[in-house]
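Q: One structure coming up, written as structure tokens, with questions to follow.
The values are calculated or read from the model by the stated rules, or taken from the named source; none is laboratory data. Computed from a predicted model, the values in this text were never measured in an experiment. Heads up, the Cβs are rebuilt from the backbone with ideal geometry, glycines too, and the neighbour counts pull from every protein chain shown.
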There are 2 protein chains.
Amino acid sequence: RPALPVHRSARRVAIFGGTHGNEMSGVMLVNLWVQNNTEVQRKGVEVQPFITNPKAVEKCTRYVDTDLNRAFTPENLSTLGGGDLPYEVRRAQEINRMFGPKGSPEAYDVIFDLHNTTSNMGCTLLLESSKDHFNLQMMNYIQASVSNSNLYCVCCFFAGLEVGPQPQGVLRSNIFESMRDILKHALDFIELFNAGMEFPPCTVEVFRLSERIDYPRDDNGNIIAMVHPNLQDCDWEPLNPGDPMFQTFDGKTIHYQGSGTVYPTFINEAAYYEKQQAFATTRRESLVASAIRKA
Amino acid sequence: RPALPVHRSARRVAIFGGTHGNEMSGVMLVNLWVQNNTEVQRKGVEVQPFITNPKAVEKCTRYVDTDLNRAFTPENLSTLGGGDLPYEVRRAQEINRMFGPKGSPEAYDVIFDLHNTTSNMGCTLLLESSKDHFNLQMMNYIQASVSNSNLYCVCCFFAGLEVGPQPQGVLRSNIFESMRDILKHALDFIELFNAGMEFPPCTVEVFRLSERIDYPRDDNGNIIAMVHPNLQDCDWEPLNPGDPMFQTFDGKTIHYQGSGTVYPTFINEAAYYEKQQAFATTRRESLVASAIRKA
């Protein structure tokens, strides 16, 4: 039998809330756990709940100067400038000092970044790398454990947990409890892993981010169509060439013109209007995670 | 037969969008009609679509300095101060000069103020006065004409049209088309009235605003409970003494303790967290509108 890929144990875990200050589930859960961390304590794990963008939380806005979630670039993290820098760039530097440096041996082992979306995406784990067997095994464990069957996994450019649909600035009990449940099982997984449990190879169904689709616009950049009612709220459902995609304000339908079936996600997310994105397409694939066991 | 109450004709009608800059249906409809007003033209009526809070629209935020919707007070409208005043107070003064002065004979005859809510309220006409037979007749006409059966009428402290559920910053085609349809029939009503049609007496079912209910809070003012899943999205449905109302973060249910059946509305509206309101209770009543005919 071949040797198992081994991992160091996950001794330090951070739970970030309020990276976007108007995504209320993470804000409220983290505030709750900062006051009383009993619920997130696990044997052999140091768990640190942390509000990442307190100024945006106070104002109940996505960000103050710039999107914190896009601020952790090598350039931002190394730039000098102190008080002259945008608030979120300074904050990214502070967070990187506290929980990183990113990629270093002193960095926290696992970071959960809690987000909400206005899209009908259920619970979605975002993975930065499809080769991260630890995270794939965690996904597999959570999928087998949670009561909520609306659980998806996406390979994209940033890691985190997205739960929706929930409007910005609103706290819905169903979304709050779904997020709480995912975190419970994720921490259970880490505790079991640290205790030496071996997780056998498994297959995980994932969606790989493909293309960003913008709203149709006029020459001045103004939107001239909305997400079509047949597509609205249909995150993760197949979109085939010829299917309705947008509806113009004068009632015309614009159809999807791609070359094959895709699975749209982040459909009509409020925060992505300014990013020129009406939805993102993904393609389904199966990933095999190797067995893992603590070193 | 007694003489009909007569009204002057409604020659000048304004349609306001963007009073809250992140309520997208009104913003987009009014922008559309500013570019091309064919759809809102009616014989014998001057219809003026108007973006009331352009700075908030540009930032896609509810307001810049203060809530424009609460800025039309006699005190604000008469105060001097120019550039030192909050943006929305200056804007209220401008709007009052253009479309008012409020209560004067020069004022516009009808103003539609278009709003969205994150609550599951369907289409709701807000009436300032339950004695305004013109507006009650318009409500009755719209109710008989629209395809959408989720149409409600509330007597409260401000006039307007609320359509939801729609997250802030999001444009949903179903909500957009519902609002557009209501406006179509409202303008048709005004055209018919101006042409001399007589509208016989009618009865309109309305909800009268009763009480504002805040979220349960701790001594520091922090929210300690969410709207209960049994109440979430159940705007206009009966809430009886003993029914679940809130769910605390540690899973306890808080029940409604009122003295009789109420009909909650604006349940979990994003913008009302800062106003300390989880929902408002209403009571049902029937109002009789007299017959009306143009003078």
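Q: Could you tell me which residue of segment B:62-86 is nearest to the other protein chains (Cβ to nearest Cβ), considering only residues that are surrounded by 18 or more Cβ atoms within 10 Å (Cβ to Cβ) and within 30 Å of residue A:274 (Cα to Cα)?
A: B:62
Q: Tell me, please, whether a residue that is modelled with pLDDT of 95 or more and farther than 26 Å from residue A:266 by Cβ can be found in segment A:55-63.
A: yes
Q: Moving on to the next point. Collect the residues in segment B:202-226 that are in contact with a strand residue (DSSP E or B) (Cβ under 8 Å, 6 or more places away or on another chain) and within 14 Å of another protein chain (Cβ to nearest Cβ), keeping them in residue-number order.
A: B:215, B:216, B:217, B:223, B:224, B:225, B:226
Q: Could you list, in sequence order, all residues of segment B:278-295 that are outside any loop (DSSP other than H, G, I, E, B) and of a type in the set (A, V, I, L, M)?
A: So in segment B:278-295, the residues outside any loop (DSSP other than H, G, I, E, B) come out as B:279-289, B:292-294.
B:280, B:287, B:288, B:289, B:292, listed by residue number.
Q: Checking residue B:71 against (1) among the hydrophobic types (A, V, I, L, M, F, W, C); (2) under 21 Å from residue B:161 (Cβ atoms); (3) out of contact with any Pro (no Cβ under 9 Å at 6 or more places or on another chain), which test does it fail?
A: (3)
Q: Something else now. When segment A:159-180 is examined, which residues are found to be modelled with pLDDT under 95 and more than 19 Å from residue A:40 (Cα to Cα)?
A: Passing the criteria: only A:159.
Q: Going through segment A:274-295 one residue at a time, which ones are over 30 Å from residue A:134 (Cβ atoms) and in contact with a helix residue (DSSP H, G or I) (Cβ under 9 Å, 6 or more places away or on another chain)?
A: A:278
Q: Still on this structure, please answer the following. Which ones in segment A:242-254 are in contact with a Leu (Cβ under 8 Å, 6 or more places away or on another chain), within 12 Å of chain B (Cβ to nearest Cβ) and without any contact (Cβ under 8 Å) to a residue 24 or more places away in the chain?
A: A:244
Q: Listed residues A:267, A:292, A:254; which is touching an Asp or Glu at 6+ places or on another chain (Cβ under 6 Å) and either crowded, with 20+ Cβ neighbours inside 10 Å or closer than 30 Å to residue B:181 by Cα (or both)? First the steps, then the outcome.
A: On the way: A:292 fails: touching an Asp or Glu at 6+ places or on another chain (Cβ under 6 Å); A:254 fails: touching an Asp or Glu at 6+ places or on another chain (Cβ under 6 Å).
The conditions single out A:267.
Q: Which numbered condition trips up residue A:102, out of (1) among the charged types (D, E, K, R); (2) modelled with pLDDT of 95 or more; (3) not in a helix (DSSP H, G or I)?
A: For residue A:102, the failing item is (2).
Q: Can you find a residue that is touching a helix residue (DSSP H, G or I) at 6+ places or on another chain (Cβ under 6 Å), assigned to a loop (DSSP other than H, G, I, E, B), modelled with pLDDT of 95 or more and under 18 Å from residue B:273 (Cβ atoms) anywhere in segment B:230-251?
A: Here is the first cut: in segment B:230-251, the ones touching a helix residue (DSSP H, G or I) at 6+ places or on another chain (Cβ under 6 Å) are B:247, B:249.
Adding the requirement that they be assigned to a loop (DSSP other than H, G, I, E, B) leaves B:249.
Still in the running and modelled with pLDDT of 95 or more: B:249.
Okay, now just the ones that are also under 18 Å from residue B:273 (Cβ atoms), so B:249.
Yes, segment B:230-251 contains a residue that is touching a helix residue (DSSP H, G or I) at 6+ places or on another chain (Cβ under 6 Å), assigned to a loop (DSSP other than H, G, I, E, B), modelled with pLDDT of 95 or more and under 18 Å from residue B:273 (Cβ atoms).
Q: If residue B:148 satisfies all but one of (1) within 14 Å of chain A (Cβ to nearest Cβ); (2) modelled with pLDDT of 95 or more, what's the number of the condition it fails?
A: Here residue B:148 clears every test but (2).
Q: OK, next. So which of A:55, A:43 is surrounded by fewer than 23 Cβ atoms within 10 Å (Cβ to Cβ), basic (Lys, Arg) and over 24 Å from residue A:138 (Cα atoms)?
A: Details: A:43 fails: over 24 Å from residue A:138 (Cα atoms).
That would be A:55, the only listed residue that is surrounded by fewer than 23 Cβ atoms within 10 Å (Cβ to Cβ), basic (Lys, Arg) and over 24 Å from residue A:138 (Cα atoms).
Q: Out of B:148, B:140, which single residue is touching a residue at least 12 places away in the same chain (Cβ under 8 Å) and under 20 Å from residue A:251 (Cβ atoms)? Before the answer, list the steps.
A: On the way: B:140 fails: under 20 Å from residue A:251 (Cβ atoms).
On inspection, the qualifying residue turns out to be B:148.
Q: Does segment A:179-188 contain at least one residue that is within 11 Å of chain B (Cβ to nearest Cβ) and in contact (Cβ under 8 Å) with a residue 40 or more places away in the chain? Please lay out each step first, then the result.
A: We begin by selecting, within segment A:179-188, every residue within 11 Å of chain B (Cβ to nearest Cβ); these are A:180.
Within this subset, residues satisfying the condition of being in contact (Cβ under 8 Å) with a residue 40 or more places away in the chain are A:180.
So far as segment A:179-188 goes, yes, one or more of its residues are within 11 Å of chain B (Cβ to nearest Cβ) and in contact (Cβ under 8 Å) with a residue 40 or more places away in the chain.
Q: Which condition number does residue B:33 fail, the rest of (1) loosely packed, with under 14 Cβ neighbours inside 10 Å; (2) in contact with an Asp or Glu (Cβ under 7 Å, 6 or more places away or on another chain) being met?
A: With (1) loosely packed, with under 14 Cβ neighbours inside 10 Å; (2) in contact with an Asp or Glu (Cβ under 7 Å, 6 or more places away or on another chain) applied to residue B:33, the lone miss is (1).
Q: Would you tally the residues in segment B:154-177 being crowded, with 22+ Cβ neighbours inside 10 Å, outside any loop (DSSP other than H, G, I, E, B), out of contact with any helix residue (DSSP H, G or I) (no Cβ under 6 Å at 6 or more places or on another chain) and within 14 Å of chain A (Cβ to nearest Cβ)?
A: Qualifying residue count for the region: 1.
Q: Next question. Are there any helices (runs of 4 or more DSSP H) wholly within segment B:1-91 with 2 or more residues that are in contact with a strand residue (DSSP E or B) (Cβ under 9 Å, 6 or more places away or on another chain) and either of a type in the set (Phe, Trp, Tyr) or under 30 Å from residue B:293 (Cα atoms) (or both), and if so which? First the steps, then the outcome.
A: Numbers: elements: B:24-35, B:54-59, B:74-78.
Helices (runs of 4 or more DSSP H) meeting the threshold: B:24-35.
Q: Given the residues B:44, B:26, which is the only one that is on the phi > 0 side of the Ramachandran plot, touching a residue at least 12 places away in the same chain (Cβ under 8 Å) and not hydrophobic (A, V, I, L, M, F, W, C)? Give the derivation first.
A: Values: B:26 fails: on the phi > 0 side of the Ramachandran plot.
Testing whether each residue is on the phi > 0 side of the Ramachandran plot, touching a residue at least 12 places away in the same chain (Cβ under 8 Å) and not hydrophobic (A, V, I, L, M, F, W, C) leaves just B:44.
Q: Output the residues belonging to segment A:193-220 that are outside any loop (DSSP other than H, G, I, E, B), of a type outside the set (Lys, Arg) and under 20 Å from residue A:127 (Cβ atoms). I'd like the intermediate steps shown before the answer.
A: Taking segment A:193-220 as the starting set, the residues that turn out to be outside any loop (DSSP other than H, G, I, E, B) are A:193-194, A:199, A:202-213, A:217.
Now narrow it down to the ones that are of a type outside the set (Lys, Arg): A:193-194, A:199, A:202-207, A:209-211, A:213.
Result: A:193, A:199, A:202, A:203, A:204, A:205, A:206, A:207, A:209, A:210, A:211.
Q: Restricting attention to segment B:255-277, and to residues there that are away from chain A (no Cβ under 12 Å) and outside any loop (DSSP other than H, G, I, E, B), which single residue is farthest from residue B:62 (Cα to Cα)?
A: Per the criteria, the residue is B:255.
Q: I'm told residue A:206 meets every condition in (1) free of Cβ contacts under 8 Å to residues at least 24 places away in the same chain; (2) under 25 Å from the mean Cα position of the chain (by Cα) except one. Can you identify the failing condition by its number?
A: Among (1) free of Cβ contacts under 8 Å to residues at least 24 places away in the same chain; (2) under 25 Å from the mean Cα position of the chain (by Cα), residue A:206 violates only (1).
Q: Here are some residues: A:193, A:199. Which one is in contact with a helix residue (DSSP H, G or I) (Cβ under 9 Å, 6 or more places away or on another chain), farther than 30 Å from residue B:254 by Cα, more than 10 Å from chain B (Cβ to nearest Cβ) and crowded, with 22+ Cβ neighbours inside 10 Å?
A: On the way: A:199 fails: crowded, with 22+ Cβ neighbours inside 10 Å.
Of A:193, A:199, the one residue that is in contact with a helix residue (DSSP H, G or I) (Cβ under 9 Å, 6 or more places away or on another chain), farther than 30 Å from residue B:254 by Cα, more than 10 Å from chain B (Cβ to nearest Cβ) and crowded, with 22+ Cβ neighbours inside 10 Å is A:193.
Q: Looking only at residues that are among the aliphatic types (A, V, I, L, M) and free of Cβ contacts under 8 Å to residues at least 60 places away in the same chain in segment A:96-124, which one is surrounded by the most Cβ atoms within 10 Å (Cβ to Cβ)?
A: Narrowing segment A:96-124 to residues among the aliphatic types (A, V, I, L, M): A:98, A:107, A:110-111, A:114, A:121.
After this cut, where a residue has to be free of Cβ contacts under 8 Å to residues at least 60 places away in the same chain as well, the list is A:98, A:107.
Values: A:98: 12, A:107: 14.
By that ranking, first place goes to A:107.
Q: Here is a follow-up. Is there a residue being free of Cβ contacts under 8 Å to residues at least 24 places away in the same chain and in contact with a helix residue (DSSP H, G or I) (Cβ under 9 Å, 6 or more places away or on another chain) anywhere in segment B:51-66?
A: Within segment B:51-66, one or more residues are free of Cβ contacts under 8 Å to residues at least 24 places away in the same chain and in contact with a helix residue (DSSP H, G or I) (Cβ under 9 Å, 6 or more places away or on another chain).
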